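Quick notes on the structure that follows.
The values are calculated or read from the model by the stated rules, or taken from the named source; none is laboratory data. Owing to the predicted nature of the structure, the values given are computational and were not obtained by experimental measurement. Virtual Cβ from ideal backbone geometry, glycine too; neighbours counted across all protein chains shown. Side chains are part of the model used for accessible areas, which takes the heavy atoms of the whole protein and leaves out ligands, DNA and RNA. Shrake-Rupley method; radii C 1.70, N 1.55, O 1.52, S 1.80 Å.
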Amino acid sequence: MMKRALLLAPIAALSLTACSGEVDSANRPSRVPAATVVGDAQSCIPISQIRGSRVHDNYTIDFNTGSKTYRNILPHSCPGLGSEQAFTYETSLSQLCNTDIIYVLRRIGGDYQRGAGCGLGSFVPVELEKKAG
C-alpha cells in the first residue's frame, strides 16, 4: 500500500457551478477562493502528478499538478480538516480516486495522529480567479 501525508500551512456555499465561495453553511465568510470550471470532472488523478494541495475548509481541497488545479468538494463535511489543514491517505493504486478515503492528521503535542476518515468527491479541473489588488 502506498501511504502519503500532505502537511499544509494554514491559509486565510460550496457551489461548484459558481465556485464563488462567498459564505459557508454557517453564513461566515468562506476561505474557498473563487474558481471557474475548465473541464469535465475526473474520477481519479495520478498520484505522481500531484505537486501539492491546499485545504480550504472541511469540504474543499485543491490539488495542484503543476499544469492544472483540480478542486475536490467532499460529499460530506470532514471534521477537523479545515482547522488542521493536513491529511493523509493510503491507496494500492497509482491514482487518488473519488472512492478513496482521506484521514485528517491531528497535531497532538509534537506528534500527528490520524483523525476522521472522509470520502473524496470528483476532481474538477478549475482555474482559480486572480485576486484583485
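Taking ARG106, is it over 26 Å from PRO46 (Cβ atoms), touching a strand residue (DSSP E or B) at 6+ places or on another chain (Cβ under 9 Å) and not in a loop (DSSP other than H, G, I, E, B)? Talk me through it step by step, then tell me what you get.
Working: over 26 Å from PRO46 (Cβ atoms): yes; touching a strand residue (DSSP E or B) at 6+ places or on another chain (Cβ under 9 Å): yes; not in a loop (DSSP other than H, G, I, E, B): yes.
Taking the combined requirement at face value, the residue satisfies it.
If the condition is being open to solvent by 50 Å² or more (accessible area, probe 1.4 Å) and within 18 Å of ARG107 (Cα to Cα), then segment 59-96 contributes PRO79, SER83, GLU84.
Given the options SER48, SER67, SER53, SER43, name the one that is farther than 17 Å from GLY121 by Cα and modelled with pLDDT of 95 or more.
Numbers: SER67 fails: modelled with pLDDT of 95 or more; SER53 fails: farther than 17 Å from GLY121 by Cα; SER43 fails: farther than 17 Å from GLY121 by Cα.
When all the criteria are applied, what remains is SER48.
Selection of strands (runs of 3 or more DSSP E) fully inside segment 28-97 by the criterion of at least 3 residues being among the hydroxyl-bearing types (Ser, Thr, Tyr) returns 86-91.
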